[in-house]
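For reference, the structure is listed below as C-alpha cells.
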Amino acid sequence: ATKAREAFDLRHEPSSITGLFGSTPFSQSCLLATRLVESGVKFVTVQLGGWDTHADNFASLKNKLLPDLDGGLSGLFLALAAKGLLDSTVVYVTGEFGRTPKINPRAGRDHYPRAMFCLLAGGGIRGGQVVGESDAKGEGPKDRPITPDDIAATFYRQLGIDVRKEYQTPSGRPVMIVRGGEVIRDLV
C-alpha cells in the first residue's frame, strides 16, 4: 500500500520518463498509471471523456481529442516498455460505442453500435496488426464480426481469468464473466 501511495508523487519520476508525456490531465494520468503498475497495482483505469461529438466532430478530433489521446497513449506504451512492464501489462483502449459513418447536419457523428474500434496491446498480445474490418461504408463488419464478448474473452484470457468458468454469487446464483465470446486467436 505504501508503494502505491508513493506512486502518486510524480516528482520522483526521472525526466527520461516524464518527458515521454504531455502536460494534459490525460497524459499525466497515463504517467501515473505506469507508476501504479510499477508499484504493483494490478488494475488501473484511465479515462478520457468528451468523445460525444454530435457536433463539430472534425475540429474536436483534430484540435483536442486525438492529440490528447496520442500524447498519453504513446507515452504510456513507451514508458511501460522502458520500465520492462509492457510484456506483463495488458492495455485495453475502447469507447462505449461507435460513431455513425454519416455526418449529421451539425458536422457531427452520432451514436452507432454496429462498428467501433478497440485497441489491445502488451501483455502477450501480438501487436502491429489490425484485426477486423468494416465494410466499404463503415456501416458494419466487412466479413468477420468481432463482438464485445470476443474482446472481453481475449482480454480476460491475457489476465489469466478463465472465461468459461461459472462463478457463484453469495446467494448461489450462477454468473458467467463472458457469455459466448471467443478468444481472438490472431491476437494471442
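At a glance:
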read-out	value
Apportionment of accessible area to carbon and sulfur, region 125-183, percent (1.4 Å)	50
Carbon + sulfur, % of accessible area of region 6-115 - ligands and nucleic acids excluded, 1.4 Å	57
Calculated SAXS-style log₁₀ I(q)/I(0) at q = 0.22, 0.30, 0.31, 0.34 Å⁻¹ - region 55-101, Debye, Cα scatterers	-0.86, -1.11, -1.13, -1.18
Surface accessible to a 1.4 Å probe, residue 38 within the full protein complex, Å²	90
Value at 222 nm in deg cm²/dmol, rounded to 500, when DSSP H runs of n ≥ 4 in the chain each add -39,500 (n - 2.57)	-8500 deg cm²/dmol
Exposure rule at most 16 other beta-carbon atoms within 10 Å, DSSP loop chymotrypsin sites (Phe, Trp or Tyr not before Pro): the chain longest free segment	118-188
Kirkwood estimate for region 11-115, i.e. one over the average of 1/r between Cα atoms, Å	15.2
Solvent-accessible area per residue for the chain (1.4 angstrom probe, square angstrom)	63
Once exposed loop trypsin sites (Lys or Arg not before Pro) are cut out (DSSP; at most 13 other Cβ, 10 Å), longest piece of the chain	43-101
19 Å Cα-Cα reach of residue 64 towards lysines, excluding residues that sit fewer than 8 places from it in its own chain	none
Within the chain: Cβ-based charge dipole about Cα centre, in debye rounded to nearest 20 (Lys, Arg +1; Asp, Glu -1)	140
Positive-end residue, the chain charge dipole about Cα centroid, Cβ charges, pick of 115, 168, 28	168
Cα-based shape type of the chain, given that a ≥ b ≥ c are square roots of the gyration tensor eigenvalues and the cut on a/c is 1.5	oblate
Proximal lysines relative to residue 142, as straight alpha-carbon distance under 19 Å, when same-chain residues fewer than 8 apart are discounted	102
Under the Karplus curve 6.51 cos²θ - 1.76 cosθ + 1.60, θ = phi - 60°, whole-Hz ³J(HN,Hα) for region 103-118, x wherever Gly or Pro sits	7, 7, x, 9, 6, x, 10, 9, 5, 7, x, 8, 8, 7, 10, 8
For region 127-182, fraction of C-alpha pairs farther apart than 17 Å, in %	53
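The values are calculated or read from the model by the stated rules, or taken from the named source; none is laboratory data. Predicted model only: the values in this text are computed from it and were never measured. Heads up, the Cβs are rebuilt from the backbone with ideal geometry, glycines too, and the neighbour counts pull from every protein chain shown. Heads up: the accessible areas ignore ligands, DNA and RNA and are worked out on the full protein's heavy atoms, side chains in. Shrake-Rupley method; radii C 1.70, N 1.55, O 1.52, S 1.80 Å.
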